[in-house]
Amino acid sequence: MMNKDLFKHFTILTIVAWLTVFVLIPNIGVVVTSFLEREEAHFVSFTFTLDNYKKLLSVMYIKVFLKSLAIALYVTILCLVFSYPFVYTISQTIKSIIIKDFLLILVIIPFWTSSLIRTYAMMIVLRSNGLLNNFLMYVGLIDEPIELLYNWVAVTIGLVYSLLPFMILPLYTAFEKLDRNYINAAQDLGAGKIDTLLKIIIPLTKSGIAAGCILVFLSTLGMFFIPELLGGSKEILVGNLIKNQFLIARDWPFGTAIGTVLTVIVVILMVIYARNTKNTDQLVV
Amino acid sequence: MDKFNKPIIELKNISKSFNTEPILSNFNFTLYDNKFITILGPSGSGKTTIIKLIAGFESLDNGDIFLNGIKVNDLPANKREVNTVFQNYSLFPHMNVYDNIAFGLRMKKKSQDYIDKAVRDSLKMIKMEKFADRKPGELSGGQQQRVAVARAIVNKPLILLLDEPLSALDEKLRKEMQVELKSMQRDLGITFILVTHDQEEALSISDTVIVLNNGKIEQIGSPQEIYQTPVNSFVASFVGELNILDAKIEAVEENLVSVIVEEECKYQLENKNNFSTGEQIKILVRPENLRLSLEKDSIIPTKLKGKITQTKYRGALLDYVIILDNGKKVTATLLQNKKEGICEYKIGTEVFVEWTIGCEVLTK
């Protein structure tokens with residue numbers, strides 16, 4: 001009995017310690033720093049100020065925020081639109097477990113390569129004399145290379161490409177939990193393929209849709225190297241803004257202020273999500 | 001006129017295998033009147049597969065299925081005039097009871113008024129008007145089962161398929177639901193096809209029982225026929241307790257045979273199976289048809305000698321386990337008659353066993 005209690009306390013203590021050191025203290029540090037003044041020599045000086053937040057209210061920064069939210073939403077929708085049919089096919093129409101596993105592994109394999117390297121590879125595909133342009137010219141769809149790199153198109157393609165697995169995997173989990181009998185029951189009651197999809201399958205995989213959307217949306221907001229490499233530093237998201245404050249402008253307090261605002265926005269979105277799904281069962285992410 | 005000639009359902013020579021393993025082979029069944037049909041069989045006998053084939057969830061390897069005279073082999077599940085009550089009910093968890101029941105009618109694009117009336121009526125029938133707004137997760141097993149039945153029959157199907165719907169319920173509730181299902185079938189006047197492994201359920205609920213084993217029909221008949229005149233020892237032992245006695249045909253005369261039972265005593269029995277002299281056969285007798293006594297008949301030995309080794313009290317009934325002189329174990333079930341106290345054989349008592357002639361079934 002004694003031993004069991006000891007073990008229990010030890011485990012809880014470890015987790016609490018871990019969370020304190022790596023989550024609580026850094027976050028408090030971020031929030032506190034955001035209310036301090038910038039100083040060349042020591043990065044921050046311990047004088048209280050609200051200037052960092054005031055600065056954020058300028059049109060330029062608000063635009064970056066809005067643009068980031070818009071592109072995050074756009075990327076999320078694209079990921080969902082591409083992933084859902086893929087996962088539906090894998091889990092509903094393919095019977096062989098070997099083929100299922102193989103297709104899933106294909107989704108996971110890119111994870112084994114650094115996403116930075118994959119983004120560089122993307123540049124090779126998208127650039128003017130890159131694979132995609134050459135292919136399109138060879139096929140005869142275009143006569144001269146189209147500008148694919150260093151614009152929003154490239155950033156979107158890059159983000160969708162790297163974040164797709166974050167949508168696919170939660171969706172797949174949700175589909176695996178979906179009892180085949182619900183689909184049989186719907187068909188038994190006269191539902192065709194489309195009705196079954198809209199009225200049964202989508203509502204019952206809502207948890208996966210929500211989890212995937214949150215993962216992709218949040219990841220997009222924080223991404224900085226994809227917009228930087230594929231957008232050619234012309235197109236910046238909140239992630240780039242923060243990164244620039246720390247590594248280029250050396251303005252830690254302002255960087256942390258942006259980070260804090262981003263965190264608050266994310267928390268608000270999560271709360272809205274939780275509120276909306278509370279009443280419907282089966283929707284625990 | 002035409003209606004009488006067309007069977008409600010006809011299963012012609014159907015077979016089905018999964019991964020080359022045959023699940024069903026040469027299954028034939030035709031039904032003309034609306035009845036309560038039970039498909040009874042042990043697990044793995046292919047009984048659920050029949051339901052899935054009729055409903056259209058699985059495709060046939062061979063044979064044809066006709067519903068109301070129309071071949072439905074290639075008709076998808078959503079176009080067939082049958083509805084299913086699933087084993088775990090499969091009520092849609094994201095819809096309330098009302099929407100679950102209304103689902104089928106909405107799919108058929110019935111008018112709002114029609115749907116509302118039909119759903120309210122069926123809620124009344126299952127006595128669950130107050131539960132219309134509940135989600136399936138907030139209902140008990142018995143209530144879910146009722147909703148599952150209502151969701152299916154509100155569509156007025158030609159046939160209602162029930163895939164072991166009672167197996168998840170406790171004993172008492174299961175008995176209640178059996179009665180309810182039976183009366184529903186009678187009131188609605190449609191065919192119910194129930195799949196079960198519970199022989200008691202099959203016997204008590206159905207008009208016709210199909211006994212299935214290893215994908216083949218062993219016997220089709222009324223519960224009485226299945227229980228009293230089983231065609232073989234599989235059916236006999238599956239639908240109830242059974243004693244199997246070895247016997248040898250000694251002589252055949254017209255429609256009687258003389259047999260030597262357990263190399264001990266001689267019987268004259270009806271020759272229903274065209275046995276010939278010298279054949280080794282089995283005599284199947286239900287425990288309740290065995291009789292015990294303390295004395296042996298003096299002239300012809302028609303009683304087997306044995307010793308009581310075990311008694312099992314079952315309330316109104318009492319089981320005696322008797323080891324015969326040649327070592328064979330038989331069970332006799334006797335009605336308890338406390339007042340007269342006649343059935344009180346103690347363990348170790350030497351008894352003589354016989355059975356009511358005519359209750360036995362002879363098989364090879």
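A short reminder: the numbers here are calculations on the coordinates, not readings from a lab. Keep in mind that what you see is a predicted model, and the values were worked out from it rather than measured. A quick note on method: Cβ atoms are made from the backbone with ideal geometry, for glycine too, and the neighbour counts reach across all protein chains shown.
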Kirkwood Rh and Cα Rg combined as Rg/Rh, the range A:1-137
1.14
For the range B:94-194, just the Cα atoms, rotate onto the principal axes and tell me the three extents in Å, largest first.
39, 31, 20
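Could you give the alpha-carbon Rg of the range B:9-238 over 2.2 N^0.38 Å, rounded to two decimals?
Working: Rg = 17.6 Å, N = 230, 2.2 N^0.38 = 17.4 Å.
That works out to 1.01 for the range B:9-238.
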At R0 = 30 Å, FRET efficiency that the Cβ-Cβ distance of A:ASN27 and A:PHE82 yields, to 0.05:
0.30
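Please work out whether the protein assembly as shown counts as rounded, prolate or oblate from its C-alpha gyration tensor, where a ≥ b ≥ c are the square roots of the eigenvalues and a/c under 1.5 means rounded, while otherwise a/b larger than b/c means prolate and anything else oblate?
It is prolate, given that a/c is not under 1.5 and a/b is the larger ratio.
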B:GLU254 versus B:ASP121: modelled label distance in nm, points set 7 Å from Cα along the beta carbon direction:
6.0 nm
Kirkwood Rh over Cα pairs of the range A:72-208 into Stokes-Einstein at 25 °C, 0.890 mPa s: D in µm²/s?
142 µm²/s
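Inside 10 Å of the C-beta atoms of B:87-95, what's the mean count of C-beta atoms belonging to other chains?
5
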Computed magnitude of the charge dipole of chain B (debye, nearest 20; Cβ of K, R +1, Cβ of D, E -1):
1400 debye
Here the whole-number average of other chain Cβ atoms within 10 Å per Cβ of A:189-200 is 5
Cα-Cα pairs in the range B:243-363 separated by more than 21 Å, as a whole percent of all pairs, come to 39 percent
At 18 Å minimum axial length over the Cα atoms and a Kyte-Doolittle cut of 0.0, report the qualifying DSSP H helices in chain A, or say none.
A:2-19, A:59-88, A:152-177, A:206-222, A:252-278
To the nearest µm²/s, what D does Stokes-Einstein give for the range A:162-285 at 20 °C and 1.002 mPa s, using the Kirkwood radius over alpha carbon pairs as Rh?
125 µm²/s
What is the log10 of I(q)/I(0) for the range A:235-274, computed with the Debye formula using one identical point scatterer on each Cα and no solvent, at q = 0.17, 0.27, 0.36 Å⁻¹?
-0.48, -0.82, -1.08
Principal semi-axes in Å for the range B:143-274 [√(5λ), Cα gyration tensor, largest first]
40, 15, 11
Could you state, as a whole-number percent, how many of the C-alpha pairs of chain A are farther apart than 35 Å?
36 percent
Charged-residue dipole, Cβ positions (Lys, Arg, Asp, Glu), the protein assembly as shown about Cα centre, Debye nearest 20:
1760 debye
Average partner chain C-beta neighbours within 10 Å, per residue of B:52-58?
2
How big is the Cα convex hull of the range A:197-265 in projection, averaged over all directions, in nm²?
6.1 nm²
Need one number: convex hull volume per residue for the range B:110-149, Cα atoms only, in Å³.
74 Å³
I'm a student and want to see the number: the projected area of the Cα convex hull of the range B:137-208, averaged over all directions, in nm².
4.8 nm²
Ratio of the range B:1-122's C-alpha Rg to 2.2 N^0.38 Å, to two decimals?
1.23
Please state the charge dipole magnitude for the range B:49-140, taken about the Cα centre, from unit charges on C-beta atoms (+1 on K and R, -1 on D and E), reported in debye and rounded to the nearest 20.
320 debye
